[in-house]
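Working notes, beginning with the structure itself.
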Number of protein chains: 2
Amino acid sequence: MTPSDHHHIVIIGAGFGGLEAARNLAKGDVRITVIDRRNHHLFQPLLYQVATASLATSEIAWPIRSLLSRFENVTTLLGTVTGVNTQAKTVLLDDARAIAYDTLIIATGARHAYFGNDAWEPYAPGLKTLEDATTIRRRILAAFEQAEWEPDAAERRRLLTFAIIGAGPTGVELAGTIAELAHETLRRDFRNIDTREARVVLVEAGPRILAGFTEDLSAYAEGALTRLGVEVRTGKAVSQCGEAGIELGEELLPAATILWAAGVAASPAAEWLGAPADRAGRVLVAPDLTAPGHPDVFVIGDTAHVPTADGKIVPGVAPAAKQEGRYVADTITARLAGKPAPKAFAYRSDGNLATIGKRAAIVDLGWIKLKGRLAWWTWGIAHVYFLIGLRNRLAVAMSWLWIYLTGQRSARLITQADVAKRRPEG
Amino acid sequence: MTPSDHHHIVIIGAGFGGLEAARNLAKGDVRITVIDRRNHHLFQPLLYQVATASLATSEIAWPIRSLLSRFENVTTLLGTVTGVNTQAKTVLLDDARAIAYDTLIIATGARHAYFGNDAWEPYAPGLKTLEDATTIRRRILAAFEQAEWEPDAAERRRLLTFAIIGAGPTGVELAGTIAELAHETLRRDFRNIDTREARVVLVEAGPRILAGFTEDLSAYAEGALTRLGVEVRTGKAVSQCGEAGIELGEELLPAATILWAAGVAASPAAEWLGAPADRAGRVLVAPDLTAPGHPDVFVIGDTAHVPTADGKIVPGVAPAAKQEGRYVADTITARLAGKPAPKAFAYRSDGNLATIGKRAAIVDLGWIKLKGRLAWWTWGIAHVYFLIGLRNRLAVAMSWLWIYLTGQRSARLITQADVAKRRPEG
């Protein structure tokens, strides 16, 4: 262990932002403790592929401890933070331990949110953790299993209807991949049902899907989804989610599987700090990403509300979290060296990517826009490149190649629940 | 669907025996329904590698439906059987459905058993399902995480003690791999503990480990385990398992992680049939593997008690279950063709293999005995060969190569429980 008289930096959360901060700070003469309530860093951009049986859990998750093991001055703590005492400068854990810090970085991310409709959660799970992904995978696969033996035609139709709420990148990726599952992967496996009759309905309250892209690319994506067999319903707000399905105003859409991709809320960091927050719970940070009134507390990633030069907010994507992690590492390093701090944080967009099934994608790099197969290859190579570790890169590339060539998905496992029950757990 | 006037064969259980029977019967002019309460066939011989973070769940499990999809006359049903009505010739499911059969094959396998000490199960999980494996993986990894931050030396020692009860192949494989985890994989990842100080204790009531092998090979295996750092305690019966650890008569061995590899009991098929069973619950089948008094009900695999010519019983291993599956398929095919049935089932041993960590194994093929590295390669190649599907063979081979070269294990995930709690779920 590094002597305890070194400046002690505590980082809460080992997502993209927290990990980047830890790695950049570790070179300095400091002591770092990384606290996370999971033992693994998760490559969230590919989480939907675990949910749709394309990848194994261990292909997109890596032990945090192992990622940081080469830095002797970094310690990892598996624990759940319940609060921060900014007076005493301690982080409080749920087992009553208090970890003292000199500088604190909060990078605790976001959870999916139901905007006042928390009762919908049991019926419409969201996708943020590995468990979320295996839950969704179980529900999708179990719906087909139940439909195979369901004598009632209307109930069979409900079982074979998949409603995805929210047409951002995650909703589009889920819808496209579920359509491929039904139309290709599962096609020959059932005897009493034709899986190609499954309905995949993508519901979006806004006027178009993938609102973060240009209208041109968004329209292309909608066409590609439709060709995969997805019903795209824009301008439709969900008024109810339940056992029977979803309600869109007057209309009831019977659906056994409902997936929530409509929105996220930040972790409770603003409450811990008593700091001002936006409606999604993100801390309204100062230009140097410190929490207002707390110069030794930084907030980054999905937990922070960071305005951009053109009046928008920095999006909740991995490259933004990484840039913020690197920025606060530089700022803290400069402070400890007695040098002037860097200028205010400025987000530099590397581009925007979304994929629709295994053959189409849209890519907007600013200077160039791509769609179709070339975009899909760009998307695929970028994601393999950003995966951590050669082992995972090889494994994911091999999994994709296999799916591409055979249409078969290797991770079609129903686990963790009493799956033989006629109804999935509510 | 094949017309319902075809002879209908129902197979309960899609393990090695049930799957082999289904594949061999599917060539005939029959209708087959395979019922399993899981959607996946599990390659149980490698389950301990999921439990010890070496392989991903999807590398050793494959959807039953997909394995049988090329046979048009085979239907798969995901459901839990609760009984058999041999009068009405129906199989009863937990949702009150009854599936009629003309011929029934019961291949429902075994669960680990505590021989009257069921209260031990929460403290000493066994290894039969994918969930068992992820539970054990979580407990092993969480114990190291807790030890890293435990201030009390005695408690730290308890957290770093792993007791494996039962020194059959599974117990030996678990002990060897946990020792490698502690001594190699995790070595550089912790700051406050030296994982090499972890104690791995293999407890066996009998006089030697791997009693199914010759004394020579068994002694070699014990030496190999000892070199890996495992403490082998033979001739010691466990008298208590609990939160504090295990008791061996007078001696208390404090251990936070206890794994049960000491015995199995058959599924309740004997109760379903009202058939005579041995002490482990296995049905005492007739020489043609039918249940006594039920010529249209076959019982195979770990659920059947089958004597061998030399007065032993057919062991509960995959090759035996497969041979039995093929035998009953041949018998049923002959019956339906009005031909004489094959002679009584005779087990033909293909050999006996066990592995100790990633460098040693023992192999007894009858005509040749191997130990050490050559045996390990034989073991590895045999297991990759018997995996189902090229995809899984490639993936497992790659995972092993990676572990072999780097010592790193890719599936070190703590999932499914509130892992930040100081105590694992009881």
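At a glance:
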{"read-out": "GNM top mover of B:Lys89, B:Lys312, B:Lys371 - chain B, alpha-carbon springs below 10 Å", "value": "B:Lys312"}
{"read-out": "Of all accessible heavy-atom area on the protein assembly as shown, the percent that carbon and sulfur account for (1.4 Å)", "value": "54 percent"}
{"read-out": "Residue of B:Ile165, B:Ile381, B:Ile35 that the Gaussian network model of chain B assigns the largest fluctuation, springs spanning Cα pairs under 10 Å", "value": "B:Ile381"}
{"read-out": "Pseudo-label separations to other copies for A:Glu197 - Cα-to-Cβ vector, 7 Å, nm", "value": "6.6"}
{"read-out": "7 Å along Cα→Cβ, label-point gaps from B:Gly242 to other copies, nm, shortest first", "value": "5.0"}
{"read-out": "Amide H contacts of B:Leu284 (H built 1.01 Å from N, under 5 Å, at least 5 apart or other chain)", "value": "B:Ala277, B:Asp278, B:His305"}
{"read-out": "Exposed GluC sites (Glu not before Pro) absent - longest run of chain B, DSSP non-H/G/I/E/B, at most 15 other C-beta within 10 Å", "value": "B:251-424"}
{"read-out": "Karplus-derived 3J(HN,Hα), 6.51/-1.76/1.60, for each residue of segment A:205-219, Hz, glycine and proline x", "value": "6, x, x, 8, 7, 6, 4, x, 9, 5, 4, 4, 5, 4, 5"}
{"read-out": "Percentage, to the nearest whole number, of Cα pairs in chain A over 41 Å apart", "value": "18 percent"}
{"read-out": "Interface size B-A, as summed buried accessible area [1.4 Å probe, Å², nearest 100]", "value": "5400 Å²"}
{"read-out": "Residue (of B:Gly325, B:Gly372, B:Thr308) at the positive-pole extreme of chain B, dipole from beta-carbon charges", "value": "B:Gly372"}
{"read-out": "Value of [θ]222 nm, deg cm²/dmol, for chain A, DSSP H segments ≥ 4, -39500 (n - 2.57) each, nearest 500", "value": "-9000 deg cm²/dmol"}
{"read-out": "At least 50 Å² of accessible area lost relative to the chain alone, listed for segment B:375-418 with a 1.4 Å probe", "value": "B:Arg391, B:Met398, B:Trp402, B:Ser410, B:Arg412, B:Leu413, B:Ile414, B:Gln416"}
{"read-out": "DSSP-loop trypsin sites (Lys or Arg not before Pro) across segment A:207-298, with at most 11 other Cβ within 10 angstrom", "value": "A:Arg279"}
{"read-out": "For segment B:118-262, alpha-carbon Rg relative to the globular expectation (2.2 N^0.38 Å, N residues)", "value": "1.00"}
{"read-out": "Stretch gain in nm, segment B:Ser349-B:Asp152, where the contour uses 0.36 nm per residue and the Cα spacing is subtracted", "value": "65.8 nm"}
{"read-out": "Amide H partners (placed H, <5 Å) of B:Ile356, local residues excluded", "value": "B:Ala361, B:Ile362"}
{"read-out": "Residues in segment A:83-100 reached by a label modelled at A:Glu131 [backbone nitrogen below 20 Å; 7 Å Cα→Cβ]", "value": "A:83, A:93-96"}
{"read-out": "Label spacing, shortest first and in nm, from B:Ala334 to its equivalents in the remaining copies (7 angstrom along Cα→Cβ)", "value": "8.6"}
{"read-out": "Three-way shape call for segment B:152-208 based on the alpha-carbon gyration tensor, with the a/c threshold at 1.5", "value": "oblate"}
{"read-out": "Peptide B:57-67, shielding by other chains (average Cβ, 10 Å cutoff)", "value": "6"}
{"read-out": "Net +/- balance of residues flanking A:Val91 in space, Cβ distance below 15 Å, scoring K and R +1, D and E -1", "value": "-2"}
{"read-out": "Amide H contacts of B:Val232 (H built 1.01 Å from N, under 5 Å, at least 5 apart or other chain)", "value": "B:Leu202"}
{"read-out": "Among A:Val172, A:Val91, A:Val283: highest mean-square fluctuation, GNM of chain A, C-alpha pairs under 10 Å", "value": "A:Val91"}
{"read-out": "Mean accessible surface per residue for chain A, computed with a 1.4 Å probe while every protein chain stays in place, in Å²", "value": "39 Å²"}
{"read-out": "Identity and axial distance of the chain B residue whose Cβ lies nearest the axis relating B to A, Å", "value": "B:Ala56, 2"}
{"read-out": "Reciprocal of mean inverse Cα separation for the protein assembly as shown (Kirkwood radius, Å)", "value": "28.9 Å"}
{"read-out": "Segment B:1-75: trypsin sites (Lys or Arg not before Pro) in DSSP loop, at most 16 other beta carbons within 10 Å", "value": "B:Lys27, B:Arg70"}
{"read-out": "Neighbourhood charge, 13 Å Cβ-Cβ cut-off, centred on A:Pro340 and excluding it, Lys, Arg +1 and Asp, Glu -1", "value": "+1"}
{"read-out": "In order through segment A:353-358: 3J(HN,Hα) via Karplus (6.51 cos²θ - 1.76 cosθ + 1.60), integer Hz, x for Gly, Pro", "value": "10, 8, 10, 10, x, 9"}
{"read-out": "Label-point separation in nm, A:Arg188 to B:Asp296, each point 7 Å along Cα→Cβ", "value": "3.3 nm"}
{"read-out": "Net charge of neighbours whose Cβ lies under 15 Å from the Cβ of B:Leu405, counting Lys and Arg as +1 and Asp and Glu as -1", "value": "+2"}
{"read-out": "In Hz, Karplus ³J(HN,Hα) per residue of segment B:178-188 (6.51, -1.76, 1.60; θ = phi - 60°; x = Gly, Pro)", "value": "5, 4, 5, 3, 5, 7, 10, 4, 8, 3, 8"}
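The values are calculated or read from the model by the stated rules, or taken from the named source; none is laboratory data. This is a predicted model, so every value here is computed, not measured. Heads up, the Cβs are rebuilt from the backbone with ideal geometry, glycines too, and the neighbour counts pull from every protein chain shown. Note: areas computed on protein heavy atoms with side chains; ligands, DNA, RNA excluded. Shrake-Rupley method; radii C 1.70, N 1.55, O 1.52, S 1.80 Å.
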